[in-house]
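Report on the following structure.
Nothing in this text is a laboratory measurement; each read-out follows from the coordinates by a stated rule. None of these values were measured; they are calculated from a predicted model. Note that we place each Cβ from the backbone using ideal geometry, even for glycine, and neighbour counts take in every protein chain shown.
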């Protein structure tokens, strides 16, 4: 992956020396600007001295008060991007971190390829060129459709969402809301690619071959080389109307619900599955629904809390 024209500026807070060295080597290898601190007190000092695109904080190794500190940071700097590193990615724990101000969640062991995608997405979002801005306050309705093959998505660092950018530009979404929404859509698209179109099982990540490669990565590469899987499509439909933004992501896989319910029963609170991805989506929007046996996810975000949602059939 190429280095961004404007490399991100990162602050890492981590109480484990070996972990700090691992992250530092990763940042340095990509030419990114970064500072590393070991605890909550040092974190506060670093924030007084400078500003950062992204804060990465290990909520366990940096001390029990780190979550409280991140909440305080979010209150003072609503647009600050925060990635929390947690030993667990259960739905309940992840949702608590998102509600405390985390933009995204990284579980151990660290998936650095995923982290790189997220950081590039955050940097691109926060440093968007002013010339891309357009007046949007007078627009009352807009729709756009995006369509990608599996092969297309394998070559993309992130999915561009210009409609979301315009809503952020005009203050209809805060920068932090827009960033969370982009990451939630990215998560849904990646799930559609890997678990939908390519039919990969997360458990395969634990199956390591004698050459050191995990089965998940090997099968991903093999299926992307197979025209049957590579040509399958993921579609993204965005619709903005009456202060309501709806995003629908659909893949061509069989769906993770496996016939356990149709579109109407596929609400997020009726699912037995859990984890970081669902927590990210449910914290980024007001409503999440699953349809077509789980191969379709609909995310709804209300842009004006003063609007009567019942009037629009929510």
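Each of 86, 231 was scored by other Cβ atoms within 10 Å of its Cβ. Listed from fewest to most, they are 231, 86. On full extension, the segment bounded by residue 303 and residue 156 gains 50.1 nm, given 0.36 nm per residue less the C-alpha separation.
Is the shape of the stretch 9-126 best called rounded, prolate or oblate, per the rule: a/c under 1.5 gives rounded, else a/b larger than b/c gives prolate, else oblate, with a ≥ b ≥ c the square roots of the Cα gyration tensor eigenvalues?
Numbers: a/c = 1.18, a/b = 1.10, b/c = 1.08.
Note, shape of the stretch 9-126 comes out rounded.
Among 244-252, 159-167, 214-222, the peptide with the highest mean count of other Cβ atoms within 10 Å heads the list, and the full ranking is 244-252, 159-167, 214-222. Subtracting the Cα-Cα distance of residue 72 and residue 112 from their residue separation scaled by 0.36 nm leaves 11.7 nm. Look at 144, 172 and count the other Cβ atoms within 10 Å of each Cβ; fewest to most, that gives 144, 172. Quick check: from the Cα gyration tensor, does the stretch 170-263 come out rounded (a/c under 1.5), prolate or oblate? Judged from the Cα gyration tensor, the stretch 170-263 comes out prolate (a/c at least 1.5, a/b above b/c).
If the chain linking residue 205 and residue 226 were pulled fully straight, counting 0.36 nm for each residue of separation and taking away their Cα-Cα distance, it would gain 5.5 nm.
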